[in-house]
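Below is one structure, written out as structure tokens; comments come after it.
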Amino acid sequence: MWWDGKIQRTFRCRLQQKPGALGRLLSAIGDHGGLIGEIRTIHMGGSAVDRDINIWADDPAHLTRLIQAVEAYSEAALLEVRDEVLEMHQGGKIAIRSRYDISNLSTLRRVYTPGVAEVCLKIKDDPALARRFTSIRHLVAIVTDGTAVLGLGDIGPKAAMPVMEGKASLLETLTGLSGMPILLDTKDPDEIVDTVVHMAPTFAAIQLEDISAPRCFEIEERIQARVDVPVMHDDQHGTACVVTATLINAAKVVGVDLGRCRMGVIGLGAAGLALAKMLMFRFQNPVSGADIAPGALDRLKAAGGVPSDLKSIMAGSDVVIATTGVPGLIKKDMVRKGQVVLALSNPNPEIEPEEALKAGAAFAADGKSVNNVLGFPGIFRGAVDADVPRITREMLAAAAEAIAAFAPPGEIVPNPLDKALHKSVARAVARVALEQGLNRDDLTGYFD
């Protein structure tokens, strides 16, 4: 979208109450290249009116020029420049609250001592009852060491917390699951694995987040081998599901058979390797892959893929998916006529979709619409509801199909805030769990 990569601020201005004052102020902002969004009246007085004006600037220097332009405008006073993103994060975005109003002794005795002892003893005799009588059945750990956060890289666990809170907010809002951020002050795989394994009894599932490759592959596998709740590294499998869904619908638009297409993945980090594996499983064809790290090519080969390079993939693949994080890596003269090109690095793709289309691509998209929020809430909801010990590749493939099927006519992806989407994904995952005999919870009536 046009606002991606821009800085948003809210200017609170006190304008003189005279005809044209607001229009002249907006013109002054526009003359300096500022983009204007919502305008809200805060207070209307006899001689002045206070208004909040949403402004988008290209960068900090541009923002400074816009502030100076408003300050120089004689018919208004700039009262405040507010960052509404920071304001929304004040105090954090999530909280743990009691489900009950504990305002009398009778309720206190039931939710805590002495009444709670009876529940503890029941669970001691039958640990499976913890799923019925505690919050474990809807708690999901969101675990990070902060080494691969968004496009920011290794910024540490505390700086990663706003992202973890965002994931928790989305889980609760879209599916009702309670995500609990866990920040690990270590990069050592052994310590990460042991820590997560020891805290696993608290949770119905483990969501690994923003852990750098190649460590993330080993960490996920080792944790899953030691716990009996599902473990999923969202940067790998959530991304793979959403990209696969996008590709399924893009192929419909273009009119190509993905089962007969030559596919290439450029960039074999967490997302790229998982995507290559999913495409090979889903379409039963080898996928070519390119990466500057020899170890990444070895992992692709071990998974059944074909090590290659950028030039060969661009020259020989019908479908090209790039997850490198390198803006402008793909040049226009590399694009072949009729190719499907997904350049997914954010905020700046390997090639702008418009440029790829001009160069002859049949379809092109970037990562702005390919968001993991389309996948992970429903995947975890279905896995938790079915009480599976692990998430299988068949479940992930079913999730991708459900996401693709939910897109409205003419659209490549569905609305990520549509709760019905996430319910559909959850049901698809639970249905596969039932088919595979992995569900430990009774799913009678779940699909009604």
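The values are calculated or read from the model by the stated rules, or taken from the named source; none is laboratory data. Quick caveat, the model's predicted, so the values are computed rather than measured. As a convention, Cβ positions derive from the backbone with ideal geometry for all residues, glycine included, and neighbour counts pool all protein chains shown.
General observations
- One residue alone among 391, 330 is of a type in the set (Val, Ile, Thr) and more than 21 Å from the chain's Cα centre (by Cα), and that residue is 330.
- The listed residues are 285, 348, and the only one of them that is assigned by TED's automatic domain parsing to the domain that holds residue 269 and farther than 28 Å from residue 394 by Cβ turns out to be 348.
- Selection from the stretch 164-188 of residues that are hydrophobic (A, V, I, L, M, F, W, C) and more than 20 Å from residue 418 (Cβ to Cβ): 164, 180, 182, 183, 184
- The set of residues from the stretch 20-43 being surrounded by 12 or more Cβ atoms within 10 Å (Cβ to Cβ) and either outside the structural domain of residue 82 (by TED's automatic domain parsing) or β-branched (Val, Ile, Thr) (or both) comprises 29, 36, 39, 42.
- Residue 82 falls short of the stated requirement of being in contact with a helix residue (DSSP H, G or I) (Cβ under 6 Å, 6 or more places away or on another chain) and touching a residue at least 40 places away in the same chain (Cβ under 8 Å).
- First in the stretch 209-233 and over 17 Å from residue 199 (Cα atoms), second anywhere and of a type in the set (Asp, Glu) and surrounded by fewer than 18 Cβ atoms within 10 Å (Cβ to Cβ), Cβ under 7 Å, 6 or more apart: 212/154
- Among the residues examined, residue 145 qualifies as surrounded by 21 or more Cβ atoms within 10 Å (Cβ to Cβ), of a type in the set (D, E, K, R) and within 22 Å of residue 215 (Cα to Cα).
- When restricted to residues that are in a helix (DSSP H, G or I), out of contact with any strand residue (DSSP E or B) (no Cβ under 9 Å at 6 or more places or on another chain) and loosely packed, with under 15 Cβ neighbours inside 10 Å, the stretch 163-180 contains 1.
- Given (1) at pLDDT below 95; (2) in a strand (DSSP E or B), number of the condition residue 14 does not satisfy: (1)
- Verdict on residue 73 being surrounded by 15 or more Cβ atoms within 10 Å (Cβ to Cβ), outside the structural domain of residue 141 (by TED's automatic domain parsing) and assigned to a loop (DSSP other than H, G, I, E, B): yes
- Among the residues here, residue 271 qualifies as of a type outside the set (Lys, Arg), closer than 19 Å to residue 305 by Cβ, modelled with pLDDT under 95 and surrounded by 24 or more Cβ atoms within 10 Å (Cβ to Cβ).
- Test: residue in the stretch 103-124 that is polar (S, T, N, Q), within 30 Å of residue 11 (Cα to Cα), in a loop (DSSP other than H, G, I, E, B) and without any contact (Cβ under 8 Å) to a residue 12 or more places away in the chain: no
- Exclusive hit being in contact with a Gly (Cβ under 8 Å, 6 or more places away or on another chain) and over 30 Å from residue 353 (Cβ atoms), set 17, 8: 17
- Within the stretch 406-447, being touching a residue at least 40 places away in the same chain (Cβ under 8 Å) and closer than 17 Å to residue 137 by Cβ holds for 426, 429, 430, 433, 438, 439, 440, 441, 443, 446.
- Picking from residues in the stretch 321-336 that are of a type in the set (Lys, Arg) and in contact (Cβ under 8 Å) with a residue 24 or more places away in the chain, the one that is farthest from residue 368 (Cα to Cα) is 336.
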